[in-house]
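J.: Sending over a structure as structure tokens; questions will come in a sec.
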Amino acid sequence: MTRQPIFDAAHYESLNTSREAVASALLAQLKEPLQLRTAIDVGCGLGYFAALLKSLGFEVSAVDGRQQNVEEASRRNPDIEFSCCDAQSSELPKKGKFDLVFCFGLLYHLENPFLTIRYLRQMTKNLLLVEGVIYPGADPIMGLVDEGLTEDQGLNHVAFYPTESCLVKMLYRSGFSHVYRFHPLADHPEYRSTSRSRQVRTMLSASPTPLSTPLLQQLPEAKSPETPWDAYSGVSNRGLRGKIRRILK
Ligand SMILES: C[S@@+](CC[C@H](N)C(=O)[O-])C[C@H]1O[C@@H](n2cnc3c(N)ncnc32)[C@H](O)[C@@H]1O
């Protein structure tokens, strides 16, 4: 018996529905003012969002780093052009420039996310939409994470997960002058922190021009800690300093 693709599991269904709702609402506001006609879905899996973009009237192409996903995506969406491409390879920007670059669920599966973000900048004419898992924490840093072995994970199953502020900083430094967080984020537990768990995912938008919509909240570029090597300041000692402050209080 062949296994059901992981992309058809219940977890994806609820995640997809909630992400689709906010992405569609945003594109409904921006598509005409920004004259968005062409789109590429990078890290497209089995083509769920490529199909959404097509249904919204975009001329769509899509890439994924796994041939098996490309084949299944093409079978499910024969009217969309899918191709196999590693998003960390210089082949990616050769796909061309697009009004909209759509990149959900990919950046945290990469060994070199900054390189890919620079490629995405080269490919973006007007608007980049990015979604994914973020490493917990406020500083612009990444954590190296071992991943599962399924076909929705990184190609080598080990990846640098950026914090949200790290993603924002990489977007600015790759040349986007305006970076925003979706407002609201998708209505799904993974976009909220609770007393038991920190926020797992975020949704960002980046553009070479200012975007005016209440569905986006502009974010500043985070400063790197100036002296993370100092024993009394910086990343690793924040928790300790907080504890000491609480004890002294
Ligand atoms: C978590 S899935 C996301 C699928 C879809 N975009 C979504 O948001 O539901 C990650 C996808 O990225 C692909 N992927 C992983 N590493 C990649 C790489 N280096 N280049 C291109 N695609 C990659 C995987 O094969 C998988 O289809």
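No value in this document is a laboratory result; all are computed from the given coordinates. The structure displayed is predicted, hence computed values, not measured ones. Counting neighbours? That spans all protein chains shown, and the Cβs are built from the backbone with ideal geometry, glycine included.
J.: How large is the charge dipole for region 1-132, taken about the Cα centre, if only the Cβ atoms of Lys, Arg (+1) and Asp, Glu (-1) carry charge, to the nearest 20 debye?
T.: 320
J.: If you take the square roots of the eigenvalues of the alpha-carbon gyration tensor of region 159-209 and sort them as a ≥ b ≥ c, do you get rounded (a/c under 1.5), prolate (a/b over b/c) or oblate?
T.: oblate
J.: Given Lys54/Lys125; Lys95/Lys169; Lys97/Lys169; Lys95/Lys223, which pairs have Cα atoms separated by over 27 Å?
T.: Long pairs (Cα-Cα over 27 Å): Lys95/Lys223.
J.: Sticking with this one: Let me make sure I get this right: for region 78-135, a, b and c are the square roots of the gyration tensor eigenvalues over alpha carbons, sorted descending. Under 1.5 in a/c it's rounded, otherwise prolate if a/b > b/c, else oblate. Which is it?
T.: It is rounded, given that a/c, with a ≥ b ≥ c, falls under 1.5.
J.: With +1 on the Cβ of every Lys and Arg and -1 on the Cβ of every Asp and Glu, and nothing else charged, how large is the dipole of region 1-75 about its Cα centre, in debye rounded to the nearest 20?
T.: Details: 7 positive and 9 negative charges, 10 e Å.
For region 1-75, the charge dipole is close to 40 debye.
J.: Hey, another quick one. Looking at the chain, what % of its DSSP beta bridges pair antiparallel, to the nearest 5?
T.: Values: 18 of 36 bridges.
Bridges in the chain that DSSP calls antiparallel: roughly 50 percent.
J.: Taking the Cα atoms only, what angle lies between the long axis of helix 164-173 and the longest principal axis of the chain, rounded to 10 degrees?
T.: Helix 164-173 and the main axis of the chain meet at about 70 degrees.
J.: Still on this structure, I have one more. Per residue of the chain, what 222 nm ellipticity follows from adding -39500 (n - 2.57) for every DSSP H run with n ≥ 4, rounded to the nearest 500?
T.: It comes out at -9000 deg cm²/dmol, rounded to the nearest 500.
J.: Which of Ala138, Gln4, Tyr48 sits closest to the plus end of the dipole of the chain, meaning its Cα is farthest towards the positive end, when Lys and Arg get +1 and Asp and Glu get -1 on the C-beta?
T.: Selected residue: Ala138.
J.: Using per-residue counts of other Cβ atoms within 10 Å, averaged over each peptide, order 70-77, 48-55 from highest down.
T.: Values: 70-77: 17.8, 48-55: 20.9.
Packing order, densest peptide first, comes out as 48-55, 70-77.
J.: With the cut-off at 1.5 for a/c, could you classify region 1-157 from its C-alpha gyration tensor as rounded, prolate or oblate? Walk me through the intermediate numbers first.
T.: On the way: a/c = 1.34, a/b = 1.12, b/c = 1.21.
Since a/c stays below 1.5, the shape of region 1-157 is classed as rounded.
J.: Let me ask something else about it. So what's the angle, to the nearest 10 degrees on a 0 to 90 scale, between helix 67-76 and the longest Cα principal axis of the chain?
T.: That helix lies at roughly 50 degrees to the long axis.
J.: Something else now. Taking only Cα atoms, what is the 0 to 90° angle, nearest 10, from helix 10-30's long axis to the longest principal axis of the chain?
T.: Approximately 80 degrees, to the nearest ten.
J.: Additional query: Tell me, what is the percent relative contact order of region 110-249, built from C-alpha pairs under 8 Å that lie six or more residues apart?
T.: Once normalised by length, the contact order is 26 percent.
J.: Non-local amide H neighbours of Glu81 (under 5 Å, H modeled in plane, Pro and chain starts lacking H): which ones?
T.: Counting only residues 5 or more places away or on other chains, the set is Ala62.
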